[in-house]
Amino acid sequence: MLIDSHCHLGRFSERGDLDEVLNEASLAGVNRMITVGTDPDEWKLYQSLSARHEGVIDFAVGLHPSEVDSNWETKLEELRKYLELGSDHCPVAIGEMGLDYFHLPKDEEEKQTAIELQKQAFSAQLELARECGLPIIIHCRDSFDDCVKILDTSKTVWDRVVFHCFSGGKDEIDRINLRGGRGSFTGIVTYDNSSCEPVREALIEQGVERLLIETDCPYLTPVPHKGKENRPSYLRYTFQRIAAILQIPVLELEDEIAKNTLSFFNLK
Ligand SMILES: [Zn+2]
Ligand SMILES: [Zn+2]
């Protein structure tokens, strides 16, 4: 069984081809996935998808740093409701949350304000995560030092933390692993450009023990479909490439990753 530990199913659902996409995933052996909500509309949609596709779709709720604005506190009040469900169809993780310094306003003053708001919303979500004890999905783009600093000062339990779409190198993965955290890898490892070499080095450095694998679809399509829209069924290509990089049989990798994913997200 392959589990896509991080995807965004909203586009397929809105377009009306989700059933087709799920069917195709199942044929490719991808029988389970976690769809990650980044704003209040998505949380609602993903909760209903997970209710409709029990045992196939689980969901996470978080306020993505690029969705943070001056209204973030109201949004987090909304998020809190999902964490208080305490029933079926509750989220399996909180996130994605974090810092994104890649998409920021050009104006220096607006930029600093945006960063400050992102930091506040990130810290507040870590606080929520501590209260509810759920695993934490981190989105970190061009902001590694600040992400680590905020996680450290928040006294977060690092073994519940995954840096999704890990795109750093050996040094960064060491800093995460030493604290007890982990990185989740995407189709980036299948890209042959030399700028992706450090990501492959980080993958080897972390090894299989704590590894998670994801599509982050509809983004980051792996080779050989790069350029097309990504979907959960393409997870298989990333698995094949990772098995080759780590020099272990694909089936063994599948077992290890299923085990890691089920236990990290506490899936039943
Ligand atoms: Zn992300
Ligand atoms: Zn994502």
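A short reminder: the numbers here are calculations on the coordinates, not readings from a lab. Keep in mind that this is a model prediction, so the values were computed, not measured. So basically every Cβ, Gly included, is an ideal-geometry build from the backbone, and we count neighbours across all protein chains shown.
What to note about this one:
- Subtracting the Cα-Cα distance of CYS132 and ASP145 from 0.36 nm times their residue separation leaves 2.1 nm of extension gain.
- Modelled label reach - SER194, point 7 Å along Cα→Cβ, the range 234-257 residues with backbone N closer than 12 Å: none
- For the residue pairs LYS81/LYS119; LYS81/LYS170; LYS170/LYS259; LYS155/LYS228; LYS44/LYS228; LYS81/LYS106, the alpha carbons lie more than 32 Å apart in LYS81/LYS170; LYS155/LYS228; LYS81/LYS106.
- Dipole of the range 215-268, positive direction: furthest Cα of GLY227, THR238, ILE248, with charges on the beta-carbon: GLY227
- Based on Cα contacts under 8 Å between residues 6+ apart, the range 132-268 shows a relative contact order of 20 percent.
- Sparse-neighbourhood loop sites, GluC sites (Glu not before Pro) in the range 1-94 - DSSP loop, at most 16 other Cβ within 10 angstrom: GLU54, GLU84
- Charge dipole of the chain (Cα centre as origin; +1 on each Lys and Arg Cβ, -1 on each Asp and Glu Cβ, all else neutral): 580 debye, rounded to the nearest 20.
- Other residues lying with their Cβ under 13 Å from the Cβ of VAL161 contribute a combined charge of +4, Lys and Arg counting +1, Asp and Glu -1.
- Remark: ARG130, ARG160 ranked as ARG130, ARG160, counting other beta-carbon atoms within 10 Å and listing the fewest first.
- Integer Hz, Karplus 6.51/-1.76/1.60 couplings in order for the range 89-94, x for Gly and Pro: 6, 9, x, 9, 7, 10
- For the range 160-208, Kirkwood radius (reciprocal of mean inverse C-alpha pair distance, Å): 10.6 Å
- Leading residue at positive end of dipole, the range 2-264 (Cβ point charges), from LEU126, GLN47, ALA202: ALA202
- For the pair the range 188-215 and the range 12-28, the centres of their Cα atoms are 27 angstrom apart.
- Cα convex hull of the chain - mean projected area over all directions, nm²: 13.5 nm²
- Value of relative contact order over the chain, rounded to a whole percent, pairs C-alpha under 8 Å and six or more apart: 20 percent
- Per-residue Cβ neighbour rank within 10 angstrom, fewest leading, PHE185, PHE265: PHE265, PHE185
- Projecting the Cα atoms of MET97, GLY29, VAL161 onto the charge dipole of the range 2-264 (Cβ charges, centred on the Cα centre) puts GLY29 farthest toward the positive pole.
- Sites ASN31 and HIS225 - FRET efficiency at Förster radius 22 Å, r taken between beta-carbons, to 0.05: 0.65
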